[in-house]
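The values are calculated or read from the model by the stated rules, or taken from the named source; none is laboratory data. The structure displayed is predicted, hence computed values, not measured ones. Every residue, glycine among them, receives a Cβ derived from its backbone with ideal geometry; neighbour counts consider all protein chains shown. These area figures cover heavy atoms from the full protein model, side chains too; ligands, DNA and RNA do not enter into them. Shrake-Rupley method; radii C 1.70, N 1.55, O 1.52, S 1.80 Å.
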Amino acid sequence: MGRWQSSGGVRSKFGLFISEVIDALQYLRDRNMTDCLQMLHCHLGSQICDIAFFKNAVNELAHVYTELHRMGAGLKYVDIGGGLGVDYDGSQTNFESSMNYTIAEYAADVVYRMGRVCDDNEVPHPTILSESGRALVAFSSLMVTEVSDVSGFDRFAIPTKLELKSSRDELPQPIITLYDTYGVVQTGNLIELYHDAVQARDEALNLFNLGYMDLELRSVAERMFWAICARLLKRAQRLDEMPEELAELPGLLSDTYFCNFSVFQSLPDSWAIDQLFPVVPIHRLNEYPTRRAVLADITCDSDGKIDRFVDRKDVKRALELHQLQNNAESYYLGIFLLGAYQEILGDLHNLLGDTHAVHICMDEDGNWSVDEFVPGDTLTEVLEYAQYEPKHLQEAIRKETEAAVQKGRLTLQEGTQLFNFYRDGLNGYTYLEKYEDDSTAAGAAAGGPAAYPGVPSTFPTPATSSTSPSGSTPTLSNGHAAAQNGAANGSTPGSGSARGPAAGPR
């Protein structure tokens, strides 16, 4: 049942048909080994969202157990496999990203139904085992990622009047239609105005493709169309029910928030099987979110995005977020319930490696502590995974830099800065890192690259930074020694995962 229903049933790659179970028992009987058949195991699926499936499956399993016991099997254990779900969306329903039961109800049903069938058949109760890994570890991991940039549809300047030509009559009709439509959105029929805008936008594009409209006017048409859609959406949201014709506008007009992480590395199930994970801002919680956005990662893959979000009634196509404050401060999002398989499933897509990890423990009183900070992969480590030799790459850059200096294409200081920048990049984080302005100035003055900012001081000191590798002073062939960059090469955790003990070691 649910997203993983094919992992159980007759077409599953697991288990035996009942006829094969009988054959196996007969094989043991022929060798006087029936007492060796001590455990009956089944696999029902994963993320089972409806308790009715458990009720029926355990009832069938109990009858198989008692029949095999009657036939002489030395059964003592029943393993009911996994399947215990996680309520990813909080709806407590039988939606595939939720579950309509509690762990207590699950346990009570399993024990009751197994016991009742055994009592009816006068068979000793078995020891019941469960393998509900997802329900145990999903809560042990989350990821924190920083929003690095935003793209939206309301960033274009809207012309207050048409002054692009000497007279209105000289403008193409689609431009006039869009301008007039924009002016009457507050009073007109929303659906009719939307149809007019779409038609005018399409006509403007056709005129441009045929050479009858210049690029400047096409730009005006584009800006006017999105401005009309934004006004229509604001009016439509004030209605009791969103008109079906306008239902696509919230998703169409949502911003794109670019975040410093990789979907394929840190939450691959979001991409592969449309798994929903809770995503929320983790600060500015006393402010009402005024933007609607989808999330894009920093990979060059168009699938590197999250555009389906948890909702209590349905799947949302955009997430409510806060307006970015012109880089005045960082804006962080938390993505939760990643403990079930996400990190181990992650790949090196675009050579983006493991994120920084923070191990957090919580005692019985609810007090928490940071036990360990584990730096994420460096670019050198990831390149080695892909069978590249970073030392050969570095040597090639050194030779190219020397040649450029000798030919006068670079000064010695520029060559040194270029080489140090490349070398430090190989030993840096695979995700985006920020340069501090003061470090940039200091590094340039010293003839070296800017220092990477260290990990925040709240993390254990030994893991916050690493110094430049030994032999970091390259000697160019003209005999001059380059300035050594002695700055610490720590990494800012722009994206990282906080894993508790249940997630196990890295």
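Tell me, which residue of the stretch 245-258 that is open to solvent by 50 Å² or more (accessible area, probe 1.4 Å) and either at pLDDT 90 or above or not in a loop (DSSP other than H, G, I, E, B) (or both) is nearest to residue 147 (Cα to Cα)? Per the criteria, the residue is 258.
One residue alone among 261, 309 is surrounded by 20 or more Cβ atoms within 10 Å (Cβ to Cβ) and touching a Ser or Thr at 6+ places or on another chain (Cβ under 7 Å), and that residue is 261. Considering each residue of the stretch 27-48 in turn, at least one proves to be among the aliphatic types (A, V, I, L, M), over 21 Å from residue 124 (Cα atoms), open to solvent by less than 40 Å² (accessible area, probe 1.4 Å) and in contact with a strand residue (DSSP E or B) (Cβ under 8 Å, 6 or more places away or on another chain). From the list 289, 281, the lone residue that is at pLDDT 90 or above and buried (at least 17 other Cβ atoms within 10 Å of the Cβ) is 281. Looking across the stretch 326-349 at every residue that is open to solvent by 70 Å² or more (accessible area, probe 1.4 Å) and within 17 Å of residue 260 (Cβ to Cβ), the one that is modelled with the lowest pLDDT is identified as 327. So is residue 354 in a loop (DSSP other than H, G, I, E, B), of a type in the set (D, E, K, R) and closer than 30 Å to residue 384 by Cβ or not? So residue 354 fits the description; yes. Scanning the stretch 34-69 for residues that are free of Cβ contacts under 8 Å to residues at least 40 places away in the same chain, polar (S, T, N, Q) and closer than 20 Å to residue 20 by Cα returns a single hit, 38. Assess whether residue 343 counts as being more than 30 Å from residue 285 (Cα to Cα) and out of contact with any strand residue (DSSP E or B) (no Cβ under 6 Å at 6 or more places or on another chain). Against the criterion (more than 30 Å from residue 285 (Cα to Cα) and out of contact with any strand residue (DSSP E or B) (no Cβ under 6 Å at 6 or more places or on another chain)), residue 343 does not qualify.
From the list 381, 364, 389, 372, the lone residue that is closer than 30 Å to residue 139 by Cβ and over 26 Å from the mean Cα position of the chain (by Cα) is 364. Restrict the check to the stretch 124-137 and report whether at least one residue is open to solvent by 10 Å² or more (accessible area, probe 1.4 Å), more than 26 Å from residue 263 (Cβ to Cβ), of a type in the set (A, V, I, L, M) and assigned to a helix (DSSP H, G or I). No: the stretch 124-137 contains no residue that is open to solvent by 10 Å² or more (accessible area, probe 1.4 Å), more than 26 Å from residue 263 (Cβ to Cβ), of a type in the set (A, V, I, L, M) and assigned to a helix (DSSP H, G or I). Of the residues examined, residue 239 is not one that is part of a helix (DSSP H, G or I) and either open to solvent by less than 50 Å² (accessible area, probe 1.4 Å) or under 24 Å from residue 293 (Cα atoms) (or both).
Residue check: residue 148 meets all listed conditions (1) outside any helix (DSSP H, G or I); (2) among the small types (Gly, Ala, Ser); (3) at pLDDT 95 or above but one, namely (3).
Can you name every residue in the stretch 80-114 that is outside any loop (DSSP other than H, G, I, E, B) and open to solvent by 10 Å² or more (accessible area, probe 1.4 Å)?
84, 103, 104, 105, 106, 107, 108, 109, 111, 112, 113
Between residues in the stretch 156-185 that are assigned to a loop (DSSP other than H, G, I, E, B) and residues that are at pLDDT 80 or above and hydroxyl-bearing (Ser, Thr, Tyr), which pairs lie under 8 Å by C-beta distance while being six or more apart or on different chains? Going by the 8 Å Cβ cut-off, the qualifying pairs are 158/182; 159/179; 162/179; 172/212.
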